[in-house]
Amino acid sequence: METLLKDLRYGYRTLLRNPGFTLVAVLSLALGIGANTAIFSFLNTILLRQLPVKDPQNLVLFGEGRSRGSSSVGSGEMFSWRACNDFRAANRVFEDVIAVDTTTNRVYPDFGGAREGITATLVSGNFFHALGIKPEAGQIFDTGVDHAASPVAVLSDAFWARRFHRNREVVGHTFRLSNHDYTIIGVAARGFFGTRVGEVPDMWVPLTMQSDFANADFVQLDDPKSNFLNLIGRLKPGVTLERAEANVNVVYRQFLAGYVADLPGPRQQVVINHAKIKITPADKGLSSIRRKYQTSLIVLMAVVGLVLAIACANVANLLVALSAKRQREMAVRIAMGAARSRIARQLLTEGVVLAAAAGLLGVALASLAGRVLVSLISTGPQELPLGFELDLRVLAFTIGVSLLTGILFSLAPALRAGRVDLNTSLKEGKASMASPRKVTFGNAIVVGQVALSLILLVAAGLLLRSFQNLVATSTGFDRDNVLLFKIDSESSGYKQEARLGDLYSRIEDRVSHTPGAASAAVALYSFHEGGWNETFTVPGLDLPDKDRDVSLNFVTPGYFRTFHIAVLAGRTFNTHDTANSPLSVVIGERFARKIFGGLDVVGKTFLMAPLTAKDVPFRVIGVVRDFKTESVRDDERNFAVLSLAQCPVYAGNVAVRVSGNPGTLAAEVRSALHNIEPNLPIRWTTTLAEEVSDSLVSERALAELCGFFSALALMLSAIGLYGTISFTVARRTSEIGIRMALGAERTGVLAMVLKDAMVLVAIGVGIGLPLSFAAGRALQSQLYQLGPFDAFTAAIATVALTLVAALAGYLPARRAARVDPMIALRYE
């Protein structure tokens, strides 16, 4: 230990004596370590971290958690409240089963002043006890709330801190929501966010209060076909996933027959035969952002790993140069009796000290980078509840990376120090001569840096071009000059009936006549907001199951005019399409050709049940050009548009095509909406163009971050090349002086040194190009309308790398060309 402390003190003093080297080395490493720590922190939060609950490894999910909202019976993804209770009673593999609403409800309670929008999640009474969550204040509810309406609420710690400043006196207070006065009985434990990563509800409410929340018209707690819940089970000791899945499916088929008893016989059998539940681990919780960003985070982790490798190579080169300057010092110590292993250990210790300093700075940089990353991937009015958290896993990762890099980049100098030639090193001047043709460690490092930089540049170029392709792809509607007002019609007090349709008609009429508005419409969905899928049948046609799904939107008549969607046949909705007229539908071109064989479909009908228990006929009144609803990458799907006047549902968008000043118009539209219905909350205002752009947030963030990290890698490689050539020039000072004394031109010396640099670059490019093709293949799933190898991207990346490398090599070459022969020869 005493020797180690001496090595640490000596290493610290050595680094202080070389401030330029220390600054460059620490900054290079800190950038690499900080980038790795930041990306790993998010990867840990989204992909690796377990839920902050009791024994999370024993939690399993019924299904895979891919769906939200509500679904048909037998889907194996979402379940009814009746199914939850049946599983609890009949299973043999779970200690308990909890139910959680798949949606997070936005509500507007009155806490004794103006109503404010917060989020609430409906859960079963055993939710907190089954997860082992203790109250931070007050108490939590239990299974007693499952047997009768219980207007109580448990606040999240985050909301308690934000809204009530952790005031414990809030426990016991009441607030008004819908038709009930709710009592705040407690606050959940600090750090507990529920079962969905990336979402923190403001409060939890018993499922028995479901009628006070959205979808009350679609979901009935006593209806076994009202599937809107995720079920999470806690396995008994020793029970495997396979055994749990087998037991669950046996039990499910037993009571599923009773759920579908009112369906026609053939349909019953189809549902029962196809019903299967997959049991999956739930220790890491559910997450929609996990599926969205999983691949991107893995790609970024690989990218920042390469950046760190380049940074390590840079520092290794710098340490080689520093050890060469200290060669005489090492020789003297060895001559005085120091063991070569002792010298090597000293250099390793110095490398670890350097890496430790870089690690500390890297953590600070990672915190800043984390906030930038959250901002990049957040959409809507609020940032995602994700942040840089230095938990034990991230801390261990950072320490491990720092130690590993410290050992790796100091290993080569340590080994070289052990091979010091005492006779040569103790003589003045001889070490300054070097063979220009000798392949040195520094040259090999530079070649590797160039190859890695080219891989990153090509990968970033592919992702940037792919993103440009996505941005340029037509969505089928005009996204420009359209304001979107996100409304909460569920909280307006209206039921899904004729009065709600009349409200939408009045909104469209009033807003479309606002000065500066060209047209207006109300729609359930605008873009990238989810979907409403229904199955349909066409009388006289036997369609395969894969062709019987249709994606629905519900709109007012001005929708097609506001979105500039072309009409190909028939007409769109008008004021004659009312609740008392035959149900009408407008379909897409693909739907018309695929199902009916062409555009001559006006007057034809098909059957579906979007708002009713039984199928009803919808008459086709028009065909419009296909447009995308879910994403720019939208696959081919059938879509149909229904009238909000005929099928009133809770719409979420008021769209206004602007012909004047958008800023002025936004204020006027808000005022108009408030005058029409004061109880209609407006969540936020955006534009259709921004909404389309937000749908590409993952691709944009990946392209921007890869572009940034590839530029960082290029800069580090340039520094590495500059350092290597400078070191070589310094060692060849005598040789250069002799050449110039014998008549060599300065331009010849410049060309000689620059040639050495460009040879290294050429070798690196030769190695990097085939590897970049392999990287492109690995990125193929992230690319859009682009192959794994794009000649244009590879050419641009190669040219950019060559130019930067030429500049990095030119600077020391120019210095070499300015060497004074008389001064240089004095080294001899």
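Rule-based calculations on the coordinates, nothing more; no lab input. Remember, predicted model here, so these are calculated numbers, not experimental data. Positions of Cβ are generated from backbone atoms using ideal geometry, with glycine treated the same way; all protein chains shown enter the neighbour counts.
Taking the DSSP bridge list for the stretch 56-288 and keeping only pairs wholly inside it, about 75 percent are antiparallel.
Output the 0 to 90 degree angle, nearest 10, between the alpha-carbon long axis of helix 81-90 and the longest principal axis computed from the alpha carbons of the chain. Once rounded, one gets 80 degrees.
Residue by residue, the stretch 271-276 carries 3J(HN,Hα) couplings of 4, 5, 5, 8, 6, 8 Hz when phi is fed to the Karplus relation 6.51 cos²θ - 1.76 cosθ + 1.60 (θ = phi - 60°); x denotes Gly or Pro. With both labels modelled 7 Å from their Cα along Cα-to-Cβ, the residue 619 to residue 799 distance reads 6.2 nm. Taking the stretch 145-172 and a reference point 7 angstrom along Cα→Cβ of residue 190, the backbone N atoms nearer than 18 Å belong to 155-171.
Against the chain, whose longest principal axis comes from its Cα atoms, helix 288-325 is set at around 10 degrees.
Extent of the stretch 489-680 along its three principal axes (Cα atoms, max minus min coordinate, largest first): 52, 32, 29 Å. Taking the Cα atoms of the chain, the ratio Rg/Rh between the radius of gyration and the Kirkwood radius comes to 1.07.
If R0 equals 25 Å, the separation of the Cβ atoms of residue 161 and residue 395 corresponds to a calculated FRET efficiency of about 0.55. Compactness of the stretch 148-189 was expressed as the Cα radius of gyration divided by 2.2 N^0.38 Å, which yields 1.15. Here's the picture: charge each Lys and Arg Cβ at +1 and each Asp and Glu Cβ at -1 in the stretch 489-680, and of 512, 492, 526 the one pushed furthest to the positive end of that dipole is 512. Once both labels are positioned 7 Å from their Cα atoms along Cα-to-Cβ, the gap between residue 602 and residue 379 label points is 3.6 nm.
Shown for 549, 615, 626: other C-beta atoms within 10 Å of each C-beta, ranked fewest to most, produce the order 549, 615, 626.
Taking all Cα pairs closer than 8 Å and separated by 6 or more residues, the relative contact order of the stretch 56-288 comes to 35 percent. Modelled spin labels at residue 223 and residue 510, positioned 7 Å past Cα toward Cβ, are 3.2 nm from each other.
Dividing the mean sequence gap of close Cα pairs (under 8 Å, 6+ apart) by how many residues the stretch 489-680 holds gives a relative contact order of 36 percent.
Could you work out the helix-only [θ] at 222 nm for the chain, with each DSSP H run of four or more residues adding -39,500 (n - 2.57) and the total divided by the number of residues, to the nearest 500 deg cm²/dmol?
About -16000 deg cm²/dmol.
Based on the Cβ-Cβ distance from residue 407 to residue 674, what FRET efficiency comes out when R0 is 56 Å, to the nearest 0.05? Efficiency computed from Cβ-Cβ geometry: 0.30. Of 310, 407, the sequence from fewest to most neighbouring Cβ atoms within 10 angstrom is 407, 310. Please give the helix 19-43 orientation as an angle from the longest Cα principal axis of the chain, in degrees from 0 to 90, rounded to the nearest 10. The angle comes out near 20 degrees.
Would you mind calculating the relative contact order of the chain from Cα pairs under 8 angstrom and at least 6 residues apart, reporting the percent as a whole number?
Reported relative contact order: 16 percent.
Bridge orientation summary for the chain: considering DSSP beta bridges with both residues in this region, about 75 percent are antiparallel. Label point of residue 568 set 7 angstrom out along Cα-Cβ; within the stretch 475-496, amide nitrogens under 14 Å from it belong to 476-477. Cβ-Cβ distance of residue 274 and residue 176, R₀ of 51 Å, FRET efficiency by 1/(1 + (r/R0)^6): the value works out to about 0.70.
Multiplying the residue separation of residue 139 and residue 17 by 0.36 nm and subtracting their alpha-carbon distance yields 37.8 nm.
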